[in-house]
Amino acid sequence: MPVSAAPHRDLLAIPDFSSAELVALFDLADRMRRGEYRDRPLAGKTLAMIFMKASTRTRVSFEVGAYQLGGQASFLSPRDVQLGRGEPIADTARVLSRYVDGIMIRTFAHADVEELARYADVPVINGLTDLLHPCQILADLLTVRQHLGGWEGRRIAWIGDGNNMANSWLNAAYRLGFELAIACPAGYEPDAAILARARTATTVTLTHDPREAIAGAHVVNTDVWASMGQEEEQQRRERDFAGYTVDEPMMELASPDAIFLHCLPAHRGEEVSAAVIDGPRSRVWDEAENRLHIQKAVMAVLIGGVPLA
């Protein structure tokens, strides 16, 4: 029988949780960040980590987080799973559900994660797809709360590609209601359906002028211009993203108390200047650390059964 045949929840996208549940999740993650949480809800439990895309922060934060909660994590690269040799996702889901208590997957197509969750009898956590990156945005919001007290009444700016990060910022704005401004070159807009849904719940500005998006923003966020798997587009993207570098003059357009975020890895001199990412407004190292805390909270809830009170 599967390790856990009881009803379970997944985290494939931020709207999988209600706004109240997200706040409770941040409360739990904050307790973990401050060292106030000592429980070990993953004792005797195992997380399978499928990495079809490599990652430093995702692997280490989930491995360390599982260990700190009393469990263990099993790393599975394309060489270690049969997905890379054509095994159906449904078969992998069924088999892993007999061995482990939860699955985290970092891969390309979002449909693959949805199929994995459909056939798995244990919780599935989206570690990244080409469409969405929910764990990163949850870490970013935990950082916003840590340094600005919250997102209420704040304007968050996304500068760059309308990629999985931009899509997940839209999902977060849809659930939590903060103002979001996205600036991207023509042809690099975020997912149209995700954008339209977010606009039903809050104010979302989409512009091709990064200065318009950053004006008065309390959070300035960007990412590399060519993500993993897009390296062959690097030169074209450098031309298309000319003028999108977040440098000191651009940061001066933001609110005086604005903070800078970047999911990393960063290319200094491209999407951000060294003066900004290494400067006094940067919170990228707290942001990277918060991947650990928010993912621990997610695992505690989904795999460890900790209630979101």
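FYI, it's all coordinate maths here, none of it is from the lab. These numbers come from a predicted model, not from an experiment. Cβ sites come from the backbone with ideal geometry, for glycine too, and all protein chains shown count toward neighbours.
Below, the figures for the structure above:
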{"read-out": "Amide H partners (placed H, <5 Å) of Trp225, local residues excluded", "value": "Glu271"}
{"read-out": "Long-range HN-HN contacts of Arg155 with modeled amide H, under 5 Å", "value": "His218, Val219"}
{"read-out": "Least to most buried among Arg9, Arg236 (fewest other Cβ within 10 Å first)", "value": "Arg236, Arg9"}
{"read-out": "Cβ-based exposure ranking for Arg57, Arg31, in which fewest neighbours within 10 Å come first", "value": "Arg31, Arg57"}
{"read-out": "In sequence order, calculated HN-Hα J values of region 29-41 (Karplus, 6.51, -1.76, 1.60; Hz; x Gly/Pro)", "value": "4, 5, 4, 5, 4, 7, x, 8, 10, 10, 5, 10, x"}
{"read-out": "At most 16 other Cβ within 10 Å, DSSP loop - chymotrypsin sites (Phe, Trp or Tyr not before Pro), region 83-131", "value": "Tyr99, Phe108"}
{"read-out": "Square roots of 5 times each gyration tensor eigenvalue, C-alpha, region 135-288, largest first, Å", "value": "21, 19, 14"}
{"read-out": "Cα-based Rg and Dmax for the chain, where Dmax is the largest Cα-Cα distance (Å)", "value": "18.9, 60"}
{"read-out": "Using θ = phi - 60° and Karplus 6.51 cos²θ - 1.76 cosθ + 1.60, couplings along region 125-141 (whole Hz; Gly, Pro as x)", "value": "10, 7, x, 2, 9, 5, 8, 9, 9, x, 4, 5, 5, 4, 5, 5, 5"}
{"read-out": "Two-decimal log10 I(q)/I(0) for region 253-309, as the Debye equation yields it once each C-alpha is a single scatterer, q = 0.13, 0.16, 0.26 Å⁻¹", "value": "-0.49, -0.62, -1.01"}
{"read-out": "Full-stretch length increase - Ala275, Glu233 - with 0.36 nm per residue and alpha-carbon distance subtracted", "value": "12.5 nm"}
{"read-out": "Residue range of the chain that is longest and free of GluC sites (Glu not before Pro) which are both DSSP loop and sparsely packed (at most 11 other C-beta within 10 Å)", "value": "37-151"}
{"read-out": "Karplus-derived 3J(HN,Hα), 6.51/-1.76/1.60, for each residue of region 215-226, Hz, glycine and proline x", "value": "4, x, 6, 8, 9, 10, 10, 8, 8, 4, 6, 10"}
